Amino acid sequence: MNLDLHEIQGARQRVRRTVSAASLGSEGGDEFEVTGEVTLDLDVRKNESTFRLVGRLDAMLDLGCSRCLERFAWPVRVNIDMLYVSESEDVGDGDVRIEEADVNTAFYRDEQIDLGQLMHEQFQLTLPMKPLCREDCLGLCAVCGGNRNTTTCQCTNTWEDPRLAGLKNLLNR
Ligand SMILES: [Zn+2]
Ligand SMILES: [Zn+2]
């Protein structure tokens, strides 16, 4: 999904896009899945050949819990502030040299900004390190593998603190 920069006539223009999850397609290897619609609401500010995109991205992702492995919904609502510079200007005399460390700067080519890529990157950035279906997810039983959020298994944890075991021996004497 591209933003055709020929469409941006004035110094400032509102760009709104709503796309279905299906039309985004999925790039294999993602830890998330896009569900429902994705809304991109941008204020595009043009300054010669530089375009600044400021706005918001709303979406619903589907993630796997890192403890119990169940899928759960992860709403995404992120603010966007990206600067797009024409790729062809990067080869010059360092005038428009962009530091790679500057994550908020990206390149466009052929007068097109790849909004699909922008969204994908924002999704990646918003993902939690350890996704949890809920803060107090109980995870899986280490013995039977049952989901402890939904089942109460009879497994007992056989590990005993050796110090407590020593105390027990004392008491049993
Ligand atoms: Zn969980
Ligand atoms: Zn169990």
Exactly one condition in (1) in contact with a helix residue (DSSP H, G or I) (Cβ under 7 Å, 6 or more places away or on another chain); (2) over 17 Å from Asp4 (Cα atoms) is not met by Cys68; state its number. (1)
Filter result (touching a residue at least 24 places away in the same chain (Cβ under 8 Å) and surrounded by fewer than 17 Cβ atoms within 10 Å (Cβ to Cβ)) within the range 31-51: Glu31, Glu33, Thr35, Gly36, Asp41, Asp43, Arg45, Lys46, Asn47, Ser49, Thr50
Number of the exception - Thr151 against (1) in contact (Cβ under 8 Å) with a residue 12 or more places away in the chain; (2) not assigned by TED's automatic domain parsing to the domain that holds Gly29: (1)
Those residues of the range 54-74 which are within 8 Å of ligand 1 (Cβ to nearest atom) and part of a strand (DSSP E or B) amount to Phe72
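The values are calculated or read from the model by the stated rules, or taken from the named source; none is laboratory data. Computed from a prediction, not measured in an experiment: that's the story for all the values here. In this analysis, Cβ positions are derived from the backbone assuming ideal geometry, glycine residues included, and neighbour counts consider all displayed protein chains.
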